[in-house]
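> Take a look at the following structure, please.
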Amino acid sequence: MVDAALIRQCADPTLKPAIVEKFIEQVGSPDPLAISVRSGNRVILVPQAKTPEEAMELIGEYVGQAVVRAGITQYPAGLGIKDASELTPDLVDACKNIRMGTALFGKVYRIVTKWYGNAVDEAFEDAIISWESGYFEGKAVFTAPDPGEVKLAEPKQDDPGIEPAVDASAKPQDQGGLGASKADGASDPNRAGMRIDLSGIGGSR
């Protein structure tokens, strides 16, 4: 679990701590060096990075060729860059990753909430799905314009409609796209893959 003090210090101020905590709980990782890679419908198992340098090397190897997620918020590493040389260590810095990830998720949550027309619990669940897929209602949410100030509902702590994150080895992944029409574009380089647990993978490349 990510330290609450770190969340308060680093998270985007437009999001309440309860939203950030639930967001990280659902799709994030407690390890700031966590890297997940997915190509189309295939999850690529990569060695667990032990240093920021190893993590950045892994990201640089796959970004642009596959969907790469990095750090505590599993931020889409390929977003907004044209070449691997543009990658920065901010991706695997705990505080900076939280700041970038929560700012981007906040935009996604506002886009989804505005579509609903009101702050409802279902909007958070759909925002999580959109974070994982990179799409909402067929549109790329990471590059979509921010709708601006939108009232956001705080997710219920024990909402049975939101399934807790689990290891990829324990639960089959949805290969057909998450959330039906709300999620598609499986081969998009900025598309978010499902979080996978790489803690059991040792060794070096």
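> So what is the relative contact order of region 4-182, in percent, for Cα pairs below 8 Å that sit 6 or more residues apart?
Working: 266 pairs, mean separation 39.8, N = 179.
Across region 4-182, relative contact order equals 22 percent.
> Which lysines, on any chain, are close to LYS139 with Cα under 20 Å apart, when same-chain ones fewer than 8 places away are left out?
Excluding near neighbours in sequence, the set is LYS107, LYS114, LYS182.
> Fewest Cβ neighbours within 10 Å first, please rank ASP3, ASP12 accordingly. Intermediate results must be reported in sequence, preceding the final value.
Working: ASP3 11, ASP12 17.
Going from sparsest to densest Cβ surroundings: ASP3, ASP12.
> Where does each of LYS22, LYS139, LYS151 land when they are ranked from fewest to most other beta-carbon atoms within 10 angstrom?
Working: LYS22 19, LYS139 15, LYS151 9.
Exposure proxy ranking, most exposed first: LYS151, LYS139, LYS22.
> Another one. So, in nm, how far is label ILE81 from label ALA5 when the simple model puts each one 7 Å beyond its Cα toward the Cβ?
Computed distance between label sites ILE81 and ALA5 equals 3.1 nm.
> Sticking with this one: All other residues with a Cβ under 15 Å from the Cβ of ASP90 taken together, and with Lys, Arg as +1 and Asp, Glu as -1, what is their net charge? List each step's numbers first, then the result.
Values: positive: ARG69, LYS96, ARG99; negative: ASP12, GLU53, GLU86, ASP93.
Within the 15 Å Cβ shell, the charges total -1.
> What's the exposure ranking of TRP131, TRP115, going from fewest to most Cβ atoms within 10 Å?
Fewest to most other Cβ atoms nearby, the residues stand as TRP115, TRP131.
> So, with +1 on the Cβ of K and R and -1 on the Cβ of D and E, and no other charges, what is the size of the charge dipole of region 4-182 about its Cα centre, to the nearest 20 debye? Before the final figure, lay out the partial values.
Working: 18 positive and 26 negative charges, 62 e Å.
Roughly 300 debye for region 4-182.
> Too long at a 29 Å Cα-Cα cut-off: which of LYS16/LYS96; LYS50/LYS156; LYS22/LYS96?
Numbers: LYS16/LYS96 17 Å; LYS50/LYS156 35 Å; LYS22/LYS96 18 Å.
Those over the limit are LYS50/LYS156.
> Give me the distance in nm between label points sitting 7 Å out from Cα along the Cα-to-Cβ direction at ALA119 and GLU57, one decimal.
Distance between label points: 4.7 nm.
Rule-based calculations on the coordinates, nothing more; no lab input. Here the structure is a predicted model, which means the values were calculated and not measured. Cβ coordinates were reconstructed from backbone atoms using ideal geometry, including for glycine residues, and neighbour counts include every protein chain displayed.
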